[in-house]
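Only one structure is covered here, and it is reproduced in the block below.
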Amino acid sequence: MHHEPVLRDELVRAVITDFDGTYVDATFGRGGHARALLAKLAPKASLIAMDRDPDAELAARDLIAQDPRVKFASARFSDLNQALEQVGVASVNAVIFDVGVSSPQLEDPERGFAFDIDGPLDMRMDNRRGETAKSWLNRAQVDDLTDVLRTYGDVRSARRFAQAIVARRPLATTYDLVESVQSAITNAKVPARLLARVFQAVRIHLNDELRELELGLEQAFAKLAPQGRLAVITFHSLEHRIARLTLREWVAPSTPRGIPVSAKQALARYVEKSVRPSYSERARNPRSRSAMLQVVERLR
């Protein structure tokens with residue numbers, strides 16, 4: 001399955017500061033961004049690829065066989081510190097994050113991420129461990145379902161859809177979940193946008209994605225050498241907000257009202273504040289349309 005890395009050229013231009021440096025791709029996926037970085041880096045450089053998806057680990061093995069500069073760590077964002085310690089890396093020149101679900105994950109029926117492909121209700125980023133969507137959806141209370149749909153999917157009338165999911169149980173496949181949402185809408189076909197929000201909400205909850213992102217960004221910034229850069233590509237408003245607030249705290253730390261932030265207090269500066277895909281990239285890769293790249297550089 002082909003996966004075109006979003007904002008590839010923009011990201012590579014923004015993060016390379018030392019061609020002999022050490023770089024971390026915290027969301028290796030199928031290696032699109034990693035390969036683009038390696039193509040620009042010198043033979044003495046190194047790249048640590050991270051991902052919790054076992055399919056990504058298989059792809060990384062292929063790349064490692066071709067390029068001795070690459071090492072792989074099977075890890076969540078929140079395990080970044082531990083992963084770097086295991087490969088003997090104390091500080092790095094850049095860390096990149098391309099968060100959310102990838103095209104290969106969406107297109108694999110067995111992963112259960114897509115509402116338009118029938119398959120088992122899984123939705124785990126690491127399908128070797130953790131609770132499946134099937135298990136959670138079949139045991140969750142209406143109040144819990146309502147909260148997840150509203151908080152992580154911004155689903156209007158979330159309680160009505162939560163009640164419909166409970167009424168449809170037991171659920172086993174992605175189409176079962178689609179049908180449960182459809183049952184709450186009379187005289188109309190359920191909008192694709194609504195289904196996307198429902199699936200997004202369940203996925204984010206199961207994988208604790210927002211907390212993982214926050215922890216990953218914090219650990220990544222702590223590992224940056226001076227003038228090292230942290231880049232994050234996000235795809236929806238919840239991710240955008242966490243990245244923006246986290247990065248902004250390093251660029252302009254919170255201070256009591258009325259007290260100015262001095263340059264000495266700032267830990268970072270913006271390299272790129274809000275880069276969006278070009279028209280040609282959006283036309284070529286529609287899934288990129290909501291992407292946003294933010295990059296900061298550590299000052300000291």
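The values are calculated or read from the model by the stated rules, or taken from the named source; none is laboratory data. The structure displayed is predicted, hence computed values, not measured ones. Cβ coordinates were reconstructed from backbone atoms using ideal geometry, including for glycine residues, and neighbour counts include every protein chain displayed.
So which residues in the range 60-103 are modelled with pLDDT of 95 or more, in a helix (DSSP H, G or I) and within 20 Å of the chain's Cα centre (by Cα), if there are any at all?
Listed by number, the residues that qualify are ALA60, PHE77, SER78, ASP79, LEU80, ASN81, GLN82, ALA83, LEU84.
Checking the structure you have, find out if any residue of the range 162-179 is at pLDDT below 95, among the hydrophobic types (A, V, I, L, M, F, W, C) and out of contact with any Gly (no Cβ under 6 Å at 6 or more places or on another chain).
no
Any residue at all in the range 108-129 that is of a type in the set (A, V, I, L, M, F, W, C), assigned to a helix (DSSP H, G or I) and closer than 25 Å to HIS240 by Cβ?
no
Which of the residues belonging to the range 16-39 are farther than 14 Å from ALA225 by Cα, touching a strand residue (DSSP E or B) at 6+ places or on another chain (Cβ under 6 Å) and among the aromatic types (Phe, Trp, Tyr)?
Selection gives PHE28 alone.
What is the residue count in the range 276-300 for residues that are closer than 16 Å to ILE242 by Cα and not hydroxyl-bearing (Ser, Thr, Tyr)? Before you say what the answer is, go through the steps one by one.
Applying the first criterion (closer than 16 Å to ILE242 by Cα) to the range 276-300 yields 290-296.
Imposing the further condition that a residue be not hydroxyl-bearing (Ser, Thr, Tyr) reduces the set to 291-296.
Here the count works out to 6.
Residue-by-condition table, conditions (1) in contact with a Lys or Arg (Cβ under 9 Å, 6 or more places away or on another chain); (2) crowded, with 16+ Cβ neighbours inside 10 Å; (3) assigned by TED's automatic domain parsing to the domain that holds ARG52:
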residue: ASP122; (1), (2), (3): yes, yes, no
residue: SER157; (1), (2), (3): no, no, no
residue: ALA184; (1), (2), (3): yes, yes, no
residue: LEU194; (1), (2), (3): yes, yes, no
residue: GLN200; (1), (2), (3): no, yes, no
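Looking at VAL275, VAL232, VAL271, VAL251, which is the one that is under 16 Å from the mean Cα position of the chain (by Cα) and at pLDDT 95 or above?
Working: VAL275 fails: under 16 Å from the mean Cα position of the chain (by Cα); VAL271 fails: under 16 Å from the mean Cα position of the chain (by Cα); VAL251 fails: under 16 Å from the mean Cα position of the chain (by Cα).
Among VAL275, VAL232, VAL271, VAL251, only VAL232 is under 16 Å from the mean Cα position of the chain (by Cα) and at pLDDT 95 or above.
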